[in-house]
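Below is one structure, written out as structure tokens; comments come after it.
The values are calculated or read from the model by the stated rules, or taken from the named source; none is laboratory data. Quantities reported herein were computed from a predicted structural model and do not represent experimental measurements. Note that we place each Cβ from the backbone using ideal geometry, even for glycine, and neighbour counts take in every protein chain shown.
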Amino acid sequence: MFKENNAHLQEEMFNSYSSLHPKIQKRLKKTWAPIFYEHVFCQIDETLFAPLYSLDNGRPNFPVNILLSLEFIKHLKDYTDEELIEQFYYNYQIMYALGLRNLGQLYLALRTFYEFRERVYRYAVESLGKDDLIFAQFEKLTAHFLEVAQINTKEQRMDSTQVRANIKRAGRLSLAYDVLEHAVKACPLEILPEELKRLREPEYRTEVLYRSKGNQAQSRLQEVLNLGAQLLEITASSPSLLAANAIGLLERFLQEQATLDHEQHTWIAKAYKDIAPSSLQSAHDPDATYRKKAGQGQAGYVANLAETCAEENPVQFISDYTLEKNNVSDPQMRQERLPVIREKMAVTDLYTDGAYYSPEVEEQAPGITMHYTNMSGSKPAPEKLPWTAFGILDQQIIVSCPNSQHPAHSYFDKQGKTLSAYFDLHLCQQCPMREACPVKFQKKSAVLRVSQKAVSRPIVVEGLIHNNCNPPKCLKGISCIWIKVTIDSPTIPITSLAESSYM
């Protein structure tokens, strides 16, 4: 039965704190414990967690504000669960932070922790996309912190980071074996043939995974795939088994990692390049995905964080967070989280790196000035002509090169969102700009390819606006102005912009 914990609001006349030496009391007041008690523990809204318990039946729950606070302290102090319980019993600072004034006042079993986490997890799964109890509590605490510290929230920054799943990323054979083993254990022993019963024996795992030679990996993988397909055929006539998560995971694995050969009725392992990044990475963590970022591959998740960053703030606070599968892009996360941030606080300026830029979401931030600190992608070589020197029509068709040559043909690949143009090879070979031109020389033509995303990205150009002078010899005189402008449509060649600036 749910019950709020308000006992800490009424202190006992005689307690462990009152028996402390006055100087020790004074020192305790200067530690983190009283601050935590006032600004964290007392601000926890226990009623958010009422749906986890019965409202009118059973014995009262263990105080939610104590359980949540201990979770915060666990990560703050980097304790294990066992260390945390020991600190709870014997560390008076922690007791004080939790509104308890007597050592040994409350008994807490380690199992109570696990049951609370399980309740929160199951509620999150059942309320997926509707209700997040932990995030709701985060919002309440953050609002309190911002108000107490008088934080300016108008300027914020956003960034993402890879979060490794709490798993050891196994090889493909090990992953296949884990998925099949889980599925076998979910089935009654009597329906399994002898070759599948072997997976219940620890020796068989050792034989398949640890005693196989390098040149046997492919054949072992095929053996596991065949056994998986056999198990799916056995369970096909049993609705109760088909509903089991382990069987569903096995079916997903086969669909993602193999292709069915209808003639031979056999599942054939796909090549690595044909496996989607969203494919299963672990039998123990089905939501983990694979992503390669900055040249590093990782299986897990991506965390997107927003933080206040106004210079006048004495401290900065994280204002928003989200955890997604790591194949979700930065622009997509910005698109989803910015409305959430704006709903609860005033934001006028958002600072991100260039990976967050996308023309599709740029117009969805009215009233917010975006600042990109570093555009994504490789930087152009200084000795090469930029693609902006080419004439481009409607961000789709390349119509001319910097030397005014028109391509033999030009087209736009809608699926790949890529612009391509084929120029006369003989003319390009004789061109004075040949060494600086980004076109690729092939047997029959010179080819330029560029992504539409790069074409639609705004660029910043610096230069002089000249006034009654000779531009090539201008020494930035008094009558000339050095400007820095943003071009919303980078399809305008820079050379044309410079010519139009001459007065």
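Among the numbered conditions (1) closer than 27 Å to LEU419 by Cα; (2) at pLDDT 80 or above, the only one that VAL340 does not meet is (1).
Return yes when ARG101 is over 38 Å from the mean Cα position of the chain (by Cα) and outside any helix (DSSP H, G or I) and no when it is not. For ARG101, the condition - over 38 Å from the mean Cα position of the chain (by Cα) and outside any helix (DSSP H, G or I) - is met. Residues that are free of Cβ contacts under 8 Å to residues at least 24 places away in the same chain and in a helix (DSSP H, G or I) within segment 12-37 comprise PRO22, LYS23, ILE24, GLN25, LYS26, ARG27, LYS29, ILE35, listed in sequence order. Report yes if some residue within segment 181-196 is modelled with pLDDT of 85 or more, exposed (fewer than 15 other Cβ atoms within 10 Å of the Cβ) and not in a helix (DSSP H, G or I); otherwise report no. Yes, because at least one residue in segment 181-196 is modelled with pLDDT of 85 or more, exposed (fewer than 15 other Cβ atoms within 10 Å of the Cβ) and not in a helix (DSSP H, G or I). Here TYR89, TYR53 are screened, and the one residue that is aromatic (Phe, Trp, Tyr), surrounded by 13 or more Cβ atoms within 10 Å (Cβ to Cβ), over 29 Å from the mean Cα position of the chain (by Cα) and over 27 Å from LEU133 (Cα atoms) is TYR89. Annotation: of all residues in segment 297-329 being buried (at least 20 other Cβ atoms within 10 Å of the Cβ) and at pLDDT 85 or above, the one that is nearest to the chain's Cα centre (by Cα) is ASN304. So in segment 398-421, with the set limited to residues that are among the aliphatic types (A, V, I, L, M) and closer than 12 Å to SER445 by Cβ, which one is modelled with the highest pLDDT? By that ranking, first place goes to ALA421. Going by the conditions given, is ARG27 at pLDDT 95 or above and surrounded by fewer than 12 Cβ atoms within 10 Å (Cβ to Cβ)? So ARG27 fits the description; yes. Scanning segment 249-272 for residues that are at pLDDT below 85 and of a type in the set (Gly, Ala, Ser) yields a total of 2.
Just name the residue that is surrounded by the fewest Cβ atoms within 10 Å (Cβ to Cβ) out of those in segment 232-259 that are in contact with a strand residue (DSSP E or B) (Cβ under 9 Å, 6 or more places away or on another chain) and assigned to a helix (DSSP H, G or I). Looking at the filtered set, the residue picked out is LEU254.
Per-residue answers, yes or no, for (1) at pLDDT below 85; (2) in a helix (DSSP H, G or I):
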position: TYR89; (1), (2): no, yes
position: TYR107; (1), (2): no, no
position: PHE138; (1), (2): no, yes
position: GLU147; (1), (2): no, yes
position: SER160; (1), (2): no, no
position: ASN166; (1), (2): yes, no
position: LEU175; (1), (2): yes, yes
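Quick check on ALA346: is it modelled with pLDDT under 75, surrounded by fewer than 16 Cβ atoms within 10 Å (Cβ to Cβ) and not assigned by TED's automatic domain parsing to the domain that holds MET433? Answer is no for this residue.
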